[in-house]
C-alpha cells in the first residue's frame, strides 16, 4: 500500500508550498485513500499511469501531469499578481496548490490495468469520471470547498458551472497540458 510518507516524498516540492499544515496533511491523506481505493500499491505503478486515456500521452505520466498542472496554475496566478496593479480578486495560494495536486485524484479510481500491459476505464470510472469521484473522496476529508470546486469543475464537467478563481487557473493549466497532446495526435499542433 502507498504510504503517506511516499506521497509526501513524491510531491515534496509542491507540498512545501502549502502553508496550512492541516490542508497539507489532508492533501496527502486523500492521495493515500485514492491509491488504496483504486488498488495501486506502489509509486512505480502510479508513475507508469498515463495521465489520460483520451489521447496519446507521448510519454507524459500521471504524476508529471499533476506536477505540471500545479506549477502551471501557480505560474498563472503569479503572472497576474505580478502584472496587475490592483488585483481584482484574491487568489488563495494554499487552495491553488492543494487543488493542483488533487485535481485528478479521482483517476486512480477511474483507471485500471487492462491485463495486456495497458490501462482502461474501470467500472468505477464508467460510473463516475474522475472529477466526480475525486470531489466525493476529497469531501470526506473536510477539505475546503474551493479545493472541491477545483476537483469537480477542472474538466468538461465544470463548463458553465460557478467556479472559484483557483478552479479557473487549474482548468487553464490542465487544458494547457492536455490540448497540445490531442492536437499533436490529430496533426493540428504547429511545431
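Answer yes if at least one residue in segment 81-98 is modelled with pLDDT of 95 or more, under 20 Å from residue 29 (Cα atoms) and either exposed (fewer than 15 other Cβ atoms within 10 Å of the Cβ) or in contact with a strand residue (DSSP E or B) (Cβ under 7 Å, 6 or more places away or on another chain) (or both), and no otherwise. Before you say what the answer is, go through the steps one by one.
Kept after step one, since they are modelled with pLDDT of 95 or more, are these residues of segment 81-98: 81-98.
Subset that is under 20 Å from residue 29 (Cα atoms): 93-98.
Imposing the further condition that a residue be either exposed (fewer than 15 other Cβ atoms within 10 Å of the Cβ) or in contact with a strand residue (DSSP E or B) (Cβ under 7 Å, 6 or more places away or on another chain) (or both) reduces the set to none.
There is no residue in segment 81-98 that is modelled with pLDDT of 95 or more, under 20 Å from residue 29 (Cα atoms) and either exposed (fewer than 15 other Cβ atoms within 10 Å of the Cβ) or in contact with a strand residue (DSSP E or B) (Cβ under 7 Å, 6 or more places away or on another chain) (or both).
Scanning segment 146-191 for residues that are closer than 12 Å to residue 104 by Cα and either surrounded by fewer than 16 Cβ atoms within 10 Å (Cβ to Cβ) or in contact with a strand residue (DSSP E or B) (Cβ under 6 Å, 6 or more places away or on another chain) (or both) yields nothing. Counting just the residues of segment 1-23 that are without any contact (Cβ under 8 Å) to a residue 40 or more places away in the chain and within 16 Å of residue 144 (Cα to Cα), which one comes out surrounded by the fewest Cβ atoms within 10 Å (Cβ to Cβ)? Checked segment 1-23; the qualifying residue surrounded by the fewest Cβ atoms within 10 Å (Cβ to Cβ) is 21. For the condition in contact with a helix residue (DSSP H, G or I) (Cβ under 7 Å, 6 or more places away or on another chain) and at pLDDT below 95, residue 166 does not qualify.
Only a single item in (1) at negative phi; (2) surrounded by fewer than 14 Cβ atoms within 10 Å (Cβ to Cβ); (3) assigned to a loop (DSSP other than H, G, I, E, B) is not met by residue 143, and it is number (2). Which residues, counting only those in segment 108-127, are outside any loop (DSSP other than H, G, I, E, B), farther than 11 Å from residue 40 by Cβ and out of contact with any strand residue (DSSP E or B) (no Cβ under 9 Å at 6 or more places or on another chain)? Listed by number, the residues that qualify are 126, 127. Scanning segment 64-75 for residues that are surrounded by fewer than 19 Cβ atoms within 10 Å (Cβ to Cβ) and either in contact with a helix residue (DSSP H, G or I) (Cβ under 6 Å, 6 or more places away or on another chain) or on the phi > 0 side of the Ramachandran plot (or both) yields a single hit, 68.
The values are calculated or read from the model by the stated rules, or taken from the named source; none is laboratory data. Please read these numbers as outputs of a predicted model, since none were measured by experiment. FYI the Cβ positions are ideal-geometry reconstructions off the backbone, even for glycines, and counts take in every protein chain you see.
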